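Following: one structure in C-alpha cells, then a few remarks.
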2 protein chains.
Amino acid sequence: METKIVLKDSEIPKTWYNILSDLPNPPAPVLHPGTGKPITPDDLLPLFPMSLIEQEVSTQRFIPIPDEVRKVYALWRPTPMYRAKRLEAAIGTRSRIYYKYEGTSPAGSHKPNTSIPQAYYNKMAGRKRIATETGAGQWGSALALGASFFGLEAKVYMVKVSYHQKPYRRMLMESYGASVVPSPSGDTQSGRNILAGDPDSPGSLGIAISEAVEDAATREDTSYALGSVLNHVLLHQTVIGLECRKQMKKAGDYPDVVIACCGGGSNLAGIGFPFLRDKIAGSKNPRVVAVEPASCPTLTKGVYAYDFGDTARLTPLVKMYTLGHDFVPAGIHAGGLRYHGDSPLVSQLCHEGLIEAQAYPQTVVFQSALVFAKSEGILPAPESSHAIHSAIVEAKNADEEGKEKAILFNLSGHGFFDLAAYDDFLAGRLVDHEHPESKIREALDRLPKTGG
Amino acid sequence: METKIVLKDSEIPKTWYNILSDLPNPPAPVLHPGTGKPITPDDLLPLFPMSLIEQEVSTQRFIPIPDEVRKVYALWRPTPMYRAKRLEAAIGTRSRIYYKYEGTSPAGSHKPNTSIPQAYYNKMAGRKRIATETGAGQWGSALALGASFFGLEAKVYMVKVSYHQKPYRRMLMESYGASVVPSPSGDTQSGRNILAGDPDSPGSLGIAISEAVEDAATREDTSYALGSVLNHVLLHQTVIGLECRKQMKKAGDYPDVVIACCGGGSNLAGIGFPFLRDKIAGSKNPRVVAVEPASCPTLTKGVYAYDFGDTARLTPLVKMYTLGHDFVPAGIHAGGLRYHGDSPLVSQLCHEGLIEAQAYPQTVVFQSALVFAKSEGILPAPESSHAIHSAIVEAKNADEEGKEKAILFNLSGHGFFDLAAYDDFLAGRLVDHEHPESKIREALDRLPKTGG
C-alpha cells in the first residue's frame, strides 16, 4: 500500500456537507444581545452577504461549491492523506495511523478552505472590502489571500501584542496586499474608546472583533468575515472530511476514531462532520475526538450555556460550551486554540454525546510534535500537534488493550511560523498552565442570564 | 486544460539523468590544491562515501534511484507543475507560463532532493554522522531532515551572522534533531584559529566550509555533505526536470525557454538538464536560462577559469565561472545566490553556449515576486523570484515581438522564512547593489595561476 493516498482534481468535492440537515435535535436559536430574542437574517445583512447568511441557516444536506471556488481550491486541493508508517514505527504501535495534511495551502493551514468562498460570495454580492480580526495571524493571512484572489480589499485588525510579537504573519498579509493595523487602532470608535482609557492596551481578540464588526457595519461596501465558529465556516471546511472519506476508501480502511484539535471548531468539523454523518445514520460508529489545550479547556471544563462570542459583549448570544466571555486563557503557543467558547454546532454535538473531548498540556503536545517531525518530516503547527498527541495516545492505549485501530487525524497546518515555540520547548523554557478551578468558576459566574 | 498538472506516485522517476554522458566536450579535471594535479577518487574518500564519488565521475546516462530514496521522495513528490493562468492574466501576456513548484517538500525547497539520497548513501556506507555548512539555512534544514529520516547525526556549521539573524532556520534544524553551531566555532581547529585572530568574526561560508570539511576529515564516522555545485548534487536534482518533461507532455506543450535562478547551479541543473539533453541531441531547441542577482553576477560578469571553491583556499581547484574566491557579494536577501563561483557543469555548458545567463537587481525581482504572490497565491523565496522575474520579462518581450512562447520556470522554494525581506521591500527599505567593475576586476586579479 502507498504511504500517500492522493485524489485526482476531478475528485475535489463538488458540494459541501451541511450537518444541519442531519442533527438529531434542532439547534438552539442565536439570540439578539439587546432583546434576547432570536436574530433574523436581516439583522446580519450589514455584516454578511445574503448567500452566506442563507448557508448559515440552510438545512439542505449538500450545498454546491461554486466553480470559481473549486478552481482556486484546485491550486492545492485535493490535499494528500498519509498512512503514517514512519510514525507508527517510531512509537511501535500495531494500529494504523492516517493523517490528512492541510498545510499545503498557500497560507499554510486549512483556513483558506473558507476564506476563498467567503471572498467569492462577497465579490458576487458587490462588496468591495472585507474587514476581519486576527489573533496569531493564521486566519488573517488566509483572508488576505482570499481577498487577493478575488480583487477585494482586506482590512485586518490584528491584536496589538501579536502584531508586535509575530511580525512575519503581519508581513505575509501585507505581501498579499492586505492593510493590517494593530488593534486597538485609531481607525474605529471602539478602538479610540479603548485607547482613550488605556493608550498602551495590548489588545485582545474581543476588542479586535469589535473593531472589525464596527468597520463592516458602518461601511456599505464592506463585509465582516469570521474564520471559525459560525455554521457556514464549518460547512466550507467539510471539503477536508469529504476528501478523506474517498481517501480512506482507497486505503481500504475506515477510521475507528477521527481526531482534530479544537479552538473555534472549524478544523474538527471539517474532518469530523462527514464521518459523523455515518454515526448519526447508524451505519458506522466512528469516535470523533476534539482535542483542546489544558489551559483553555472549553469542552472539558466549561459549561453548555448561552454566552457572548466576544469579551466586549457586542456579538449575538449563542448556546455553546464556554469558559465565560471574560475568561483569559494563559499565553500558550497554540494561539489558535485560545478561545473561551466554541462553535455552537460542535458544542451541541458534544453535549449530545456524538463528539468526545480531550485536553492536554502543551509540553506533552510538543514532545509528540517532535516525534512526528522526526519521523514524518513535516514540522506541525502547535495547534495541530494537539491532534498528533491524541493520536499517539489512542494508538498506545489500543496497544495496551491488545487492539489494532484505524486512527485518522487532521494535520491542519505547518509550524514554520511557530519555530520560536519549538525553540522554547527544546531549551526547556516551555511550561504548562492549568487554570485553577476557582478561576474558571469565577468566569462562569459572570455568564449572561439570558435564554435557555 | 487543468491549471495544475500532476503525476501519479508511480511516475516519480526511477533514475536520475546524468548529463556527463551527453556533454559535447569532456569536463575539465578537478585539481588538487597542493599539487595542481587532477584529484583521484581516493583523495575524496575521507569526505564522501564511494557511492557518491562514483556518481561524481560516472558517465552512465541514467543512474537508478534507490527504492528507499524513492519512498521518501514520495512523501511530497511528484511535485505539481502549474500553468500560471492567473499570472498570465495579471501581466496580460499571450504566452503560456508554466512553473514547477518544489516548495512542497518538508524543508520548503528543492534541497531535500539531494539531502535524502546523500543521507541514504552515507547510511549504507556505515557512516554515523554528517557535517555540513549552511549560510541562510536552506541547505542545513534539508540536510537535517535527510539525516533524521535515516537515523544519522547531523552537525551544521552555520555562518555566525546568519545564526543570529535567521534564528527560525536554526530552530528548524534543531527540531529535526541536528546540532547547530555558529561558525567560526570552538569545535574545530579552523574555527579556533579564526577566533584567536578575531573573537568577533561574523563568519563566512568559506570559514564554515573549512570547519565542516575538517570535522568530516578528522572523524572516521563522519562524512561531509554539500548542497550544490558538485556533479552528484546536480544529478539528484534532475528529478525535477524529469518530472517536468512528463508534465509538459501531459499539458501537450514543450518549453521554448526553461528558467531557474542560479547560485551554485543545482536547481537550474535540476529543471534544465533533462531539457538540455534534447538540445544537445538536436531534437529540440529549448533555451535554458540561468538567472543570477546583479550583485553577484558570476555567469554574466565573471571569468571561466580555475579557482578555489572557498575563501580560505582549502578546496580543490575547479574550472568554473568565478568572481574570484575572495569576492564578497553585497548582503542581498537572496542569500542562496551569494556564491562567488558556480557549478563546473553549469559553467562549462554556459561557456559552450548551451546555457544563457541573465542578471537582475533585487528590487525588480521583489516587484515580480509580489505580482506572482497576489495572482498565484504562493509567496516565493527571494532566490526563486529571480526566475519569476525572468519569466515575466520573457513573456513581455515575446508580446512585443508578436510571439507566443511556452515559458517554464522552477519555483524552487517558498518564502515563509524570508518575510523580513518582503517587509523591507514594502517599506521601501530595499536597495539595489551593483558592484563597480573595478571591485570585480580586483578580485579576478587574485585568481590562482594554476591549471588551464
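The values are calculated or read from the model by the stated rules, or taken from the named source; none is laboratory data. Keep in mind that this is a model prediction, so the values were computed, not measured. Cβ sites come from the backbone with ideal geometry, for glycine too, and all protein chains shown count toward neighbours. With ligands, DNA and RNA removed, areas are computed over all heavy atoms of the protein, side chains included. Shrake-Rupley method; radii C 1.70, N 1.55, O 1.52, S 1.80 Å.
Key figures for this structure:
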{"quantity": "Cα-based shape type of the range B:11-71, given that a ≥ b ≥ c are square roots of the gyration tensor eigenvalues and the cut on a/c is 1.5", "calculated": "oblate"}
{"quantity": "Separation in nanometres of the label points that stand 7 Å from Cα toward Cβ, at A:Asp253 and A:Arg429", "calculated": "3.8"}
{"quantity": "Residue of chain B nearest the B-to-A rotation axis [by Cβ], rounded angstrom distance", "calculated": "B:Phe416, 2"}
{"quantity": "In degrees, nearest ten, helix A:362-376 long axis to first principal axis of chain A (Cα)", "calculated": "60"}
{"quantity": "Accessible surface ranking that places the most exposed of B:Asp67, A:Asp307, B:Asp256 first, with a 1.4 angstrom probe", "calculated": "B:Asp67, B:Asp256, A:Asp307"}
{"quantity": "Surface per residue (accessible, 1.4 Å probe) for the range A:217-270, Å²", "calculated": "26"}
{"quantity": "Rounded tilt (10° steps) of A:382-400 against the dominant C-alpha axis of chain A", "calculated": "30"}
{"quantity": "Contact surface A-B: accessible area buried, both sides summed, square angstrom, 1.4 angstrom probe", "calculated": "3600"}
{"quantity": "With Cα atoms, 0 to 90° folded angle of helix A:112-124 axis to chain A main axis", "calculated": "40"}
{"quantity": "Förster-model FRET efficiency, 22 Å R0, A:Ser179 and A:Ala125, C-beta, rounded to 0.05", "calculated": "0.60"}
{"quantity": "Solvent-accessible heavy-atom area per residue, rounded to whole Å², over the range A:318-452 at 1.4 Å", "calculated": "35"}
{"quantity": "Probe 1.4 Å - accessible area at B:Thr218, Å² to nearest ten", "calculated": "100"}
{"quantity": "Residue (of B:Ala290, B:Cys261, B:Pro274) at the positive-pole extreme of the range B:250-305, dipole from beta-carbon charges", "calculated": "B:Pro274"}
{"quantity": "Cβ-vector label at 7 Å, B:Gly36, separations to other copies in nm", "calculated": "9.8"}
{"quantity": "Calculated FRET value between B:Glu54 and B:Lys85, using beta carbons and R₀ = 56 Å, to 0.05", "calculated": "0.80"}
{"quantity": "Label 7 Å beyond Cα on the Cβ vector: A:Arg446 copy-to-copy distances, nm", "calculated": "6.6"}
{"quantity": "Rounded accessible area of A:Lys155 (nearest 10 Å², 1.4 Å probe)", "calculated": "20"}
{"quantity": "Accessible-area composition of chain B, carbon plus sulfur, in percent [1.4 Å probe]", "calculated": "52"}
{"quantity": "Total charge dipole magnitude, the range B:173-258, about the Cα centre, Cβ charges on Lys, Arg, Asp, Glu only, Debye to nearest 20", "calculated": "600"}
{"quantity": "Cβ-vector label at 7 Å, A:Ser21, separations to other copies in nm", "calculated": "5.5"}
{"quantity": "Test item: Cα-centred dipole of chain B, Lys/Arg +1 and Asp/Glu -1 on Cβ, debye", "calculated": "1080"}
{"quantity": "Between the range A:403-452 and the range A:2-40, the Cα center-to-center distance that results, in Å", "calculated": "24"}
{"quantity": "Delta accessible area of at least 20 Å² on complex formation, residues of the range B:1-27, 1.4 Å probe, chain isolated as reference", "calculated": "B:Glu2, B:Lys4, B:Asp9"}
{"quantity": "Residue-count net charge about B:Gly263 - beta-carbon cut-off 9 Å; Lys, Arg +1, Asp, Glu -1", "calculated": "-2"}
{"quantity": "In range of the label at B:Glu11: residues from the range B:76-117 whose backbone nitrogen is under 15 Å from the point 7 Å along Cα→Cβ", "calculated": "B:77-83, B:99-101"}
{"quantity": "Value of [θ]222 nm, deg cm²/dmol, for chain B, DSSP H segments ≥ 4, -39500 (n - 2.57) each, nearest 500", "calculated": "-12000 deg cm²/dmol"}
{"quantity": "The range B:322-350 versus the range A:121-165: alpha-carbon centroid distance in Å", "calculated": "40"}
{"quantity": "Estimated vicinal HN-Hα couplings, Hz - the range B:37-51 in sequence order (Karplus 6.51, -1.76, 1.60; Gly, Pro = x)", "calculated": "9, x, 7, 10, x, 4, 4, 8, 4, x, 9, 10, x, 4, 4"}
{"quantity": "Reachable lysines, given that their alpha-carbon falls under 29 Å from the alpha-carbon of A:Lys449 and they are not under 8 places away in the same chain", "calculated": "A:Lys37, A:Lys301, A:Lys319, A:Lys439"}
{"quantity": "Backbone N within the range A:59-77 under 18 Å of label point (7 Å from A:Asp22 Cα along the Cβ vector)", "calculated": "A:59-65"}
{"quantity": "Inter-label distance for B:Lys284 and A:Thr35, nm, one decimal - labels placed 7 Å from Cα along Cα-to-Cβ", "calculated": "6.7"}
{"quantity": "Under 5 Å, built H, 5+ apart or other chain: amide partners of B:Ala154", "calculated": "B:Ile130, B:Ser179"}
{"quantity": "Hypothetical label at A:Phe62: residues of the range A:214-239 whose amide nitrogen lies under 16 Å (7 Å Cα-Cβ projection)", "calculated": "A:236, A:238-239"}
{"quantity": "Net +/- balance of residues flanking A:Ser210 in space, Cβ distance below 11 Å, scoring K and R +1, D and E -1", "calculated": "-4"}
{"quantity": "Euclidean distance between Cα centres, the range B:249-266 to the range B:64-119, Å", "calculated": "12"}
{"quantity": "Rounded to the nearest 10 Å², the accessible area of A:Asp200 at probe 1.4 Å", "calculated": "130"}
{"quantity": "Average beta-carbon neighbours from other chains, 10 Å sphere, peptide A:171-181", "calculated": "4"}
{"quantity": "Local electrostatic count, B:Asp22, Cβ distance below 14 Å [Lys/Arg +1, Asp/Glu -1]", "calculated": "+2"}
